[in-house]
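Notes follow the structure.
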Amino acid sequence: QSLSVNHVFLKDLWRAESALRLYRQLNNQGVRLARIAPTVRLSYRVRNHLSLEMEFGVERTTTDGPAQTDKTDRQFFNLGYRWDLY
């Protein structure tokens, strides 16, 4: 099962995006996996085909099985540019 919710906000040359992804899985051995991952991206259009972007997100994964339970947290940050070639 997967669910994704996105929101985009535009203001002049700025663009703000937020996203929330939820994921659940159950396999034949009875192992359950659950993941939640919110992210935020901010971009600024410098020129017609060039934007500066920044993105931050976290991801929490829980795997629960008959033998053990694992929890993993991940944080990430990206900074860069986007050059549209159209």
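Taking +1 at the Cβ of each Lys and Arg and -1 at the Cβ of each Asp and Glu, which of Tyr44, Val8, Leu20 sits farthest along the dipole of the stretch 1-55 towards its positive end, judged by Cα position relative to the Cα centre?
It is Leu20.
Can you give the FRET efficiency for Gln68 and Arg15, using 1/(1 + (r/R0)^6), R0 = 30 Å, r = Cβ-Cβ distance, to the nearest 0.05? Write out the running numbers ahead of the final one.
Details: r = 42 Å, r/R0 = 1.41.
E(calc), rounded to 0.05, equals 0.10.
Would you mind counting up the charge near Gln1? Only other residues with Cβ under 15 Å from its Cβ, with Lys and Arg at +1 and Asp and Glu at -1. Please report the intermediate quantities before stating the final value.
Working: positive: Arg21, Arg24, Arg32, Arg35; negative: none.
Spelling it out: positives minus negatives among the neighbours equals +4.
How much accessible area per residue does the stretch 25-86 have, counting only protein heavy atoms and a probe of 1.4 Å, in square angstrom? Intermediate values should be presented prior to the final figure.
Working: 4940 Å² over 62 residues.
Result: 80 Å² per residue.
What net charge is computed for the residues neighbouring Arg41, neighbours being all others with C-beta under 10 Å from the C-beta of Arg41, Lys and Arg scored +1, Asp and Glu -1?
Values: positive: Arg15; negative: Glu17, Glu53, Glu55.
Net charge in that neighbourhood comes out at -2.
For the chain, calculate the relative contact order in percent as a whole number, restricting contacts to Cα pairs under 8 Å that are 6 or more residues apart.
On the way: 193 pairs, mean separation 19.4, N = 86.
Result for the chain is 23 percent.
Once fully extended, how much extra length lies between Val40 and Leu3, figured as 0.36 nm per residue of separation less the alpha-carbon to alpha-carbon distance?
Details: separation 37, 0.36 × 37 = 13.32 nm, distance 1.68 nm.
The span from Val40 to Leu3 would gain 11.6 nm if fully extended.
Roughly to the nearest percent, how much of the accessible area of the chain is carbon and sulfur, given a 1.4 Å probe? Please list the in-between numbers first.
Working: 3880 of 7130 Å².
Exposed carbon and sulfur together represent 54 percent of the surface.
Distance between the C-alpha centers of the stretch 68-82 and the stretch 30-60? Whole Å please.
Each part's Cα centre sits 10 Å from the other's.
For the stretch 16-27, just list the computed ³J(HN,Hα) in residue order, Karplus coefficients 6.51, -1.76 and 1.60, θ = phi - 60°, integers in Hz, with x standing in for Gly and Pro.
10, 10, 10, 9, 9, 10, 10, 9, 9, 8, 10, 9
Can you compute 3J(HN,Hα) from phi for each residue in the stretch 6-11, using the Karplus curve 6.51 cos²θ - 1.76 cosθ + 1.60 with θ = phi - 60°, rounded to whole Hz and x for Gly and Pro?
In residue order, the calculated couplings are 10, 9, 10, 10, 10, 8 Hz.
Between rounded, prolate and oblate, where does the chain land on the alpha carbon gyration tensor, with a ≥ b ≥ c its root eigenvalues, rounded for a/c under 1.5, else prolate if a/b exceeds b/c? Present the calculation step by step, with values, prior to reporting the outcome.
Details: a/c = 3.40, a/b = 2.87, b/c = 1.18.
In terms of gyration-tensor shape, prolate.
Which FRET efficiency value, to the nearest 0.05, do you get for Leu52 and Gln75 by plugging their Cβ-Cβ distance into 1/(1 + (r/R0)^6) with R0 = 25 Å?
Values: r = 21 Å, r/R0 = 0.84.
According to the calculation, E is roughly 0.75.
The values are calculated or read from the model by the stated rules, or taken from the named source; none is laboratory data. Please read all numbers here as calculations on a predicted model, not as lab measurements. Glycine gets a Cβ as well: all are built from the backbone with ideal geometry, and neighbour counts include every protein chain shown. Note: accessible area is taken over every heavy atom of the protein model, side chains too, but ligands, DNA and RNA are not part of it. Shrake-Rupley method; radii C 1.70, N 1.55, O 1.52, S 1.80 Å.
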